[in-house]
Amino acid sequence: MKQYDVLIIGAGIAGLYTAMNLPEEMRVLVVCKDIPWECNTFYAQGGMVTALDEADVPLHIEDTLRAGAYHNVRDAVGILSHESIEATEDIIDRGMQFDRAEDGQLLYTKEGAHSTNRVLHAGGDATGRYMHYFMMQQNKHLLQRNTLVYDLLVENGHCYGVRAMVNYQPKTILAKHVVIASGGIGSLYEYNTNSRTISADIHGICVEKGIELADMEMMQFHPTVFVKTPYARKLLLTEALRGEGAHIVDEDGKRFLFDYDERGELASRDIVSRSIFDYKRSTGKEVYLDFSMFEAKWFRKRFPNITHTFDALGYHFPKDRVPVSPAFHYANGGIACDTDTRIPGIKGLYVVGEAARTGVHGANRLASNSLLEGLVFARRAAETILGSVFEHPELPDFDKDYDTMLHEDDDKKYKQQLRQIMWKDAGIIRTQEGLHEARNFIYDTKNRTIGRLLELRLNTAAAIVEAALARKESLGAHYIEG
Ligand code: SIN
């Protein structure tokens with residue numbers, strides 16, 4: 001059977017940039033579950049952080065640590081910041097076009113908890129889309145869509161490949177190196193900003209194989225999301241809006257966030273999300289994002305994507321304010337790995353991007369550090385693979401298969417219940433009682449007749465709830481009441 005040198009699961013920034021850093025003569029296959037642009041990179045709006053220069057590195061490190069409640073892995077944060085300069089130069093040299101001023105200077109914006117303007121952006125508020133398009137063009141390796149991975153072929157500390165549905169047919173894909181770049185866990189939450197493909201399957205497989213997930217209680221909720229749409233993916237209103245000066249107000253126009261934190265709209269994301277959630281709960285008032293201070297022409301040029309999307313919904317920015325709610329946005333925790341992206345104990349298995357827990361984000365990710373993490377650690381994954389010398393032992397028999405068991409009749413109903421329970425009980429503000437309720441639901445559902453894909457989601461949900469139960473004190477994005 002054909003064996004690839006490298007199989008990359010996921011075609012967002014982390015997967016594609018890993019591929020871009022592997023030589024063309026290697027047999028590399030990038031796979032994605034659906035169409036390639038159904039990934040979280042595509043929907044990223046605000047931008048990508050880079051340290052401005054060597055002098056900014058200590059400040060960027062400090063901002064990242066402070067936002068992360070000092071729960072971060074410091075070595076990983078140091079790598080992120082130091083290597084940001086070279087990684088950013090690399091993609092600019094290859095042709096990535098970030099927004100520039102008329103004189104050609106790169107434009108940097110600010111977001112919450114940054115002490116200076118260091119967020120690059122592209123297409124105004126379409127940074128992820130522009131970066132994704134650029135990387136799709138740059139990638140010279142084979143990219144295969146409609147490939148849903150439902151098992152990792154792991155035995156005796158080696159990973160040999162995956163089992164996947166490829167165009168609805170079960171297939172084995174063998175590879176010497178397997179890179180997980182499958183993103184986070186958005187579909188576990190009723191309100192989330194993620195692509196519909198992001199459903200925690202690979203995390204669930206890791207749980208099954210005894211591969212460590214870390215910091216799973218640290219789920220990040222974005223403060224400003226328009227949730228009043230029927231679609232699973234709710235509409236993000238980028239933090240760059242607040243970075244440029246937009247206000248969060250209640251229905252009487254009061255900027256209540258200063259009652260919670262002196263930085264107001266520019267406090268870190270966990271604080272702003274929790275404050276909005278608490279304010280709504282305690283006052284029963286609606287909360288809005290208000291842009292009325294912006295000049296219309298400037299606003300439409302700076303935020304064309306948002307302007308266009310919301311025009312279609314009947315909101316005419318910057319004149320109209322829009323109701324917002326926090327929603328699940330990003331998994332700070334994930335599949336544990338070292339700073340060279342290796343998954344400890346399993347040769348040939350690596351993880352990059354949102355799927356990974358490198359430790360850079362700690363208890364709460366600093367805004368726009370995620371695209372940067374995707375870049376920096378993807379490069380490291382490629383370097384690790386190119387420098388590796390091991391051989392896999394002979395391919396064992398992998399006789400267990402789940403081809404016919406991916407879905408069962410009641411899965412849809414249970415998935416919906418799971419999303420509601422995770423939002424209610426493992427969301428922005430948690431209680432021991434609520435977490436126990438969520439745990440009961442998860443284990444009860446695991447004992448029912450369910451398909452494998454739901455089982456994988458439940459494994460990941462269990463990891464979140466168990467981690468939240470284990471952490472008795474609030475920290476960063478994990479806030480426990482009572
Ligand atoms: C945003 O544009 O607010 C999201 C960027 C991020 O998730 O860091």
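Remark on the stretch 354-431: ratio of C-alpha radius of gyration to 2.2 N^0.38 Å is 1.73.
Cα centroids of the stretch 88-141 and the stretch 17-43: 19 Å apart. Rounded to two decimals, the Cα-based Rg/Rh of the stretch 281-348, with Kirkwood Rh, is 1.28. Less than 5 angstrom separates the built amide H of E251 from those of E286, all sequence-distant by 5 or more or on a different chain.
Distance between the pseudo-spin-label points of Y443 and K424 (7 Å out from Cα toward the beta carbon): 2.0 nm.
Of the beta bridges in the chain, as assigned by DSSP with both residues counted there, near 60 percent are antiparallel. Across every pair of non-identical alpha carbons in the stretch 303-415, the mean reciprocal distance, once inverted, gives a Kirkwood radius of 18.7 Å. Panel note: the C-alpha atoms of the stretch 89-214, placed on their principal axes, show extents of 56, 34, 28 Å (largest first).
Could you tell me the ratio Rg/Rh of the stretch 174-268? Both radii from Cα atoms, Rh via Kirkwood.
With Rh from the inverse mean 1/r over Cα pairs, Rg/Rh is 1.10.
From the alpha carbon centroid of the stretch 238-308 to that of the stretch 346-361 is 33 Å. The Cα trace of the stretch 326-481 gives Rg and Dmax of 18.3, 52 Å, the first to one decimal, the second as a whole number. Put simply, the stretch 401-473 fits an ellipsoid with semi-axes of 24, 12, 9 Å; these come from the alpha carbon gyration tensor as the roots of five times its eigenvalues, largest first. Only Cα sites of the stretch 394-434 enter the Debye sum here, all with the same form factor; the resulting log10 I(q)/I(0) across q = 0.21, 0.31, 0.34 1/Å is -0.74, -1.01, -1.06, listed in q order.
The phi torsions of the stretch 38-44, fed into the Karplus equation with coefficients 6.51, -1.76 and 1.60 and a -60° offset, translate into couplings of 7, 8, 5, 4, 4, 8, 5 Hz, rounded to whole numbers, with Gly and Pro shown as x. On the basis of the beta-carbon distance and an R0 of 22 Å, L386 and E86 show a calculated FRET efficiency of 0.85.
Derived scalar couplings between HN and Hα for the stretch 270-285 equal 4, 5, 5, 4, 5, 5, 5, 4, 5, 5, 4, 5, 7, 10, x, 8 Hz in order, rounded to whole Hz, by the Karplus curve 6.51 cos²θ - 1.76 cosθ + 1.60 (θ = phi - 60°), x for Gly and Pro.
For the stretch 237-252, 3J(HN,Hα) computed residue by residue from phi via the Karplus equation (6.51, -1.76, 1.60; θ = phi - 60°) reads 10, 3, 4, 4, 4, 6, x, 8, x, 5, 10, 9, 9, 8, 5, 9 Hz, glycine and proline entered as x. In terms of distances greater than 28 angstrom between alpha carbons, the cross-link table entries K2/K400; K254/K297; K171/K228; K33/K297; K140/K412; K285/K415 yield K171/K228; K33/K297; K140/K412; K285/K415.
Show me the ranking of peptides 300-306, 467-473, 64-70 by mean Cβ neighbours inside 10 Å, starting with the highest.
In descending order of packing, they fall as 64-70, 300-306, 467-473.
Put in order of Cβ neighbour count within 10 Å, fewest first, the listed residues M1, M293, M136 become M1, M293, M136. For the stretch 229-316, the convex hull drawn through the C-alpha positions has a volume of 117 cubic angstrom per residue.
Taken about its Cα centre, the chain carries a charge dipole of about 1060 debye when Lys and Arg each add +1 at the Cβ and Asp and Glu each add -1 at the Cβ. Size descriptors for the stretch 185-338, from the alpha-carbon set: Rg then Dmax equal 17.1, 55 Å.
Computed from the C-beta positions of N117 and E251 and an R0 of 30 Å, the FRET efficiency is 0.45 to the nearest 0.05.
Two numbers describe the Cα atoms of the chain: Rg and Dmax, which are 21.5, 69 Å. One Cα centroid belongs to the stretch 362-435, the other to the stretch 154-230; the line between them spans 3 Å. Based on C-alpha pairs under 8 angstrom that are at least 6 apart in sequence, the chain has a relative contact order of 22 percent.
Rule-based calculations on the coordinates, nothing more; no lab input. Note that the structure is a prediction, hence the values are computed from the model and not measured. Virtual Cβ from ideal backbone geometry, glycine too; neighbours counted across all protein chains shown.
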